[in-house]
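Trainee: Have a look at this one before I ask anything.
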Amino acid sequence: MAFLSGAALAHLHVVSGCAQVPQALLQKRLTLRKEEVCDAILVRPGRAGALRDAVYPLRPGELPRLY
């Protein structure tokens, strides 16, 4: 498991330094994935779509509405 984690981090390091990868999109995708994992740990699976819809269309200064 440690080898796979290290390999994943090494690949992420390469991707994050690549100019062709849209960094804002990568950051949002990783954040959404983190929230999915946290919800699964808290036994609230299947909320990825709701989280995405509640958080990402926001304008500056607006607060998310989580149902």
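The values are calculated or read from the model by the stated rules, or taken from the named source; none is laboratory data. Quick caveat: nothing in here was measured; it's all calculated off a predicted structure. Glycine gets a Cβ as well: all are built from the backbone with ideal geometry, and neighbour counts include every protein chain shown.
Trainee: Out of the residues in the range 20-38 that are in a loop (DSSP other than H, G, I, E, B) and modelled with pLDDT of 85 or more, state the one that is surrounded by the fewest Cβ atoms within 10 Å (Cβ to Cβ). Explain how you work it out, then say what you get.
Mentor: If we filter the range 20-38 for residues that are in a loop (DSSP other than H, G, I, E, B), which is where we start, we get 20-22.
Among the residues that remain, those that are also modelled with pLDDT of 85 or more are: 20, 22.
On the way: 20: 5, 22: 10.
Among those that are in a loop (DSSP other than H, G, I, E, B) and modelled with pLDDT of 85 or more, it is 20.
Trainee: Quick one: would you say residue 60 is surrounded by 10 or more Cβ atoms within 10 Å (Cβ to Cβ), in a loop (DSSP other than H, G, I, E, B), at pLDDT below 80 and not basic (Lys, Arg)? Step through it out loud before you land on a result.
Mentor: Details: surrounded by 10 or more Cβ atoms within 10 Å (Cβ to Cβ): no; in a loop (DSSP other than H, G, I, E, B): yes; at pLDDT below 80: yes; not basic (Lys, Arg): yes.
For residue 60, the condition - surrounded by 10 or more Cβ atoms within 10 Å (Cβ to Cβ), in a loop (DSSP other than H, G, I, E, B), at pLDDT below 80 and not basic (Lys, Arg) - is not met.
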